[in-house]
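Remarks on the structure that follows.
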Amino acid sequence: MKNTGYLRLDWARSHMPVSANIRETFLKEKPLKGIRIGMALHVEAKTGVFALLLKEGGAEVHMASCNPLSTDDSVVKSLKDDYGMDVHAKKGETEKEYYEYLYRVIDSEPDVIVDDGGDLVKILHTERKDLLKNIIGGNEETTTGVNRLKVMEKTGELKFPMFDVNDASMKHLFDNRYGTGQSALDGIMNATNILIAGKNVTVVGFGYCGKGIAMRMKGMGARVIVSEVDPIKANEALMEGYSVMPLAESLKISDMAVTATGVKSVIPLESMRNAKDGIILSNAGHFDNEIDILSLEKGSTSVEQVRDYVKRYVMKDGRSIYIISDGRLVNLAAGQGHPVEIMDMSFAIQALTAKYLVEKHKELKPAVYSVPEDVDIHVAELRLRSLGVDIDTPTDEQIKYRNSWLEGT
Ligand code: NAD
Ligand code: ADE
């Protein structure tokens, strides 16, 4: 019997047809030959398949996790034992270990960075400036990491080109929306075993992730309430048929709330103090600071682990607040991360963008770059092909019409 991690990698690989197509080219052409890649991603089966794809493309890969709770230890074991991969990650690593593992990846002196959330880039620009000159560039996977990079670009502090993988259509339209929609519910249900139908659920933030969570919660029969700070997003939520109200109001009547904003303390202690007794709070945003758990802990008379992934905080007035996975992103900390086919597309974008970076880095400046449109389109076409779905091609007359401003009728 093969070990669990090996089987999980195998299962993921066999459901990643877009990556399989790219693998054929990578094995033949070795576009990453001689390139050392330092990665910090959620280390689980799909990510393992991606790391192996980069290796198959000729790269030397060194990997750590971008979150202390998202690692699948069985996959780490298989990557090390069966594939000889250099991986530094374990589920439940302490903050000290988390950084120690990132330092180990950085100590490998990478040429290319593949980051998720921006911590590798931060360390390189603060504590390991000596290595900046070696780096030809990198990719960033998620909204929070891209937000950090854009601040660095604006202040002139970014020292190498970084591709905004999140911004690719084949990434955020599917990963953030359908991926988080399905996997956040998977994590919440796995953690709680609670019925969603008939519950009042607040979704905090109606961006790409929030839209996916709201859509799937509604599909499971929840009455969804959206809380937002952006009036345009609030209007979108209303037109989707959700209630919209300030967080402090919605928590008073909600059975659950899920945050997906990428912003700190969007559920502050004050709102928790007035929340419905027994409310279950979780977070799907990148960092664990969206729910102010530190203040909650200080304001509680007791904290108790009541299920594998759930803690109960009892407040001074006797009210209980349940928190899933310490406010770490619920789909990975209490679930299995995004569905395999979703990560197939996100990692296909990553792999082709890494190839593009290696080919074009001499033409790039220290800046945040969009993924080239042909990469996005190529991944979209490969995905359709893998599903056996054909689409139409515009006629020459239609192309001419689209490119003209004189023809109206
Ligand atoms: P987004 O920018 O599309 O949406 C964020 C939304 O939050 C915006 O509409 C913004 O107006 C809203 N917001 C900001 N502050 C708020 C507040 N105080 N109250 C209510 N709403 C507020 O971002 P996104 O792509 O949806 O990503 C959200 C977070 O999820 C990021 O941290 C991102 O990195 C992370 N993410 C997680 C996963 C996952 O697997 N769990 C996947 C993709 C992205
Ligand atoms: N699995 C691996 N990386 C992931 C990510 N960024 N989001 C969700 N699931 C993942």
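Quick look at the numbers
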item: Zone residues, region 312-355, relative to GLU97, backbone N less than 19 Å from point 7 Å out along Cα-to-Cβ; result: 325-329, 332-335
item: Spread of Cα-to-Cα distances over 10 Å intervals beginning at zero, given as percent, for region 76-218; result: 10, 29, 32, 22, 6, 0
item: Those lysines that a straight Cα-Cα span of less than 17 Å connects to LYS90, excepting residues fewer than 8 apart in one chain; result: LYS46, LYS77, LYS80
item: Aspartates and glutamates whose Cα lies under 14 Å from that of LYS211, excluding same-chain neighbours fewer than 8 positions away; result: ASP175, GLU228, ASP230, GLU236, GLU240
item: Distance histogram in 10 Å bins (all Cα pairs of region 326-396, percent per bin); result: 15, 33, 28, 21, 2, 0
item: Candidates ASP111, ASP374, ASP72, ranked by Gaussian network fluctuation over the chain, Cα under 10 Å, top entry; result: ASP374
item: Long-range tail of P(r) for region 291-409 (Cα pairs > 24 Å, %); result: 63 percent
item: Largest-first ordering by accessible area, 1.4 Å probe, given options THR142, THR259, THR395; result: THR395, THR142, THR259
item: Inter-label distance for LEU294 and SER386, nm, one decimal - labels placed 7 Å from Cα along Cα-to-Cβ; result: 4.1 nm
item: Karplus-derived HN-Hα couplings along region 206-220 (A = 6.51, B = -1.76, C = 1.60, θ = phi - 60°), whole Hz, x at Gly and Pro; result: 10, x, 4, 5, x, 4, x, 5, 4, 4, 6, 5, 4, x, 8
item: Lysine-lysine proximity count for region 253-327, Cα under 18 Å, sequence distance 8 or more or distinct chains; result: 5
item: Sequence of ASP292, ASP73 from largest to smallest accessible area, 1.4 Å probe; result: ASP73, ASP292
item: Most mobile listed residue (LYS30, LYS129, LYS365) in the chain, GNM with C-alpha springs under 10 Å; result: LYS129
item: Relative contact order (percent, whole number), region 119-172, Cα cutoff 8 Å, 6+ residue spacing; result: 39 percent
item: Backbone N within region 32-49 under 14 Å of label point (7 Å from ARG104 Cα along the Cβ vector); result: 39-41, 43
item: Listed residues SER65, SER243, SER227, most fluctuating in the chain (Gaussian network, C-alpha, under 10 Å); result: SER243
item: Over region 1-158: Kirkwood hydrodynamic radius from C-alpha pairwise inverse distances, Å; result: 16.0 Å
item: Solvent-accessible area, 1.4 Å probe, carbon plus sulfur percent, for region 242-392; result: 48 percent
item: Those aspartates and glutamates that a straight Cα-Cα span of less than 16 Å connects to LYS171, excepting residues fewer than 8 apart in one chain; result: ASP115, ASP116, GLU140, GLU141, GLU341, ASP344, GLU373, ASP374, ASP376, GLU381
item: Percent of Cα pairs exceeding the 42 Å cut-off, where the set is the chain; result: 15 percent
item: ILE377/ASN134 FRET efficiency (R0 22 Å; Cβ-Cβ; nearest 0.05); result: 0.10
item: Sequence of LYS211, LYS298, LYS122 when ordered by accessible area, the most exposed leading, probe 1.4 angstrom; result: LYS298, LYS122, LYS211
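The values are calculated or read from the model by the stated rules, or taken from the named source; none is laboratory data. Quantities reported herein were computed from a predicted structural model and do not represent experimental measurements. As a convention, Cβ positions derive from the backbone with ideal geometry for all residues, glycine included, and neighbour counts pool all protein chains shown. Keep in mind that these areas ignore ligands, DNA and RNA; they rest on the heavy atoms of the full protein, side chains included. Shrake-Rupley method; radii C 1.70, N 1.55, O 1.52, S 1.80 Å.
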